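Structure, as structure tokens:
The values are calculated or read from the model by the stated rules, or taken from the named source; none is laboratory data. The model shown is predicted, which means the values in this text are computed figures rather than measured ones. Cβ placement follows ideal geometry from the backbone for every residue including glycine, while neighbour counts extend to all protein chains displayed. Each accessible area value is taken on the protein alone, full model and side chains, heavy atoms only, with ligands, DNA and RNA left out. Shrake-Rupley method; radii C 1.70, N 1.55, O 1.52, S 1.80 Å.
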Amino acid sequence: MAIAYFCLLIAAVMPLVFAGYAKFSSKGYDNSSPREFLEKLQGSSKRAHFAQLNSFEAFPAFAAAVIVAHLAGVPQGQITILAVLFVVFRVLYGICYILDKSSLRSTVWFGGLFCVLGLFIAAILRS
């Protein structure tokens, strides 16, 4: 379970990485009004901000899915594979977002979603 828990930590910190890219890849970052600064971003910096927001949105379902799968007694190997794949898909998602690869971004987004659904379905089947 340690690997899946580590994946939870990575997924929880991932939005901060994208936020850092958004803030520090552009000139003029002002920590006294960061939200106003983020609203004015353009290009890859703005897309990194959007990747940050989407990462915050994706995290709760992933965290719940890992915990529910564990509590339902889903085999550890299955949880680990789906958790690692989720993190890989989410990292790729952020990279695709920043690089403006919209079709590929959507594809890897679905990959992450299917990992979450797989964890929940495995838990349901195990119950």
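Is one or more of the residues making up region 30-43 farther than 20 Å from Gly94 by Cβ and among the acidic types (Asp, Glu)? So far as region 30-43 goes, yes, one or more of its residues are farther than 20 Å from Gly94 by Cβ and among the acidic types (Asp, Glu). Which members of region 106-126 meet the condition of being touching a Gly at 6+ places or on another chain (Cβ under 9 Å) and either buried (at least 20 other Cβ atoms within 10 Å of the Cβ) or within 18 Å of Ala61 (Cβ to Cβ) (or both)? Listed by number, the list holds a single entry, Ala123.
Scanning region 58-78 for residues that are buried (at least 22 other Cβ atoms within 10 Å of the Cβ) and more than 10 Å from the chain's Cα centre (by Cα) yields Ala65, Val66, Ala69, Val74. Output the residue which, of all residues in region 27-57 that are part of a loop (DSSP other than H, G, I, E, B) and of a type in the set (D, E, K, R), is most open to solvent (accessible area, probe 1.4 Å). Filtering first and then ranking leaves Lys27. Among the residues of region 70-93, count how many are within 18 Å of Ile10 (Cα to Cα) and touching a Lys or Arg at 6+ places or on another chain (Cβ under 9 Å). Residues meeting the conditions: 2.
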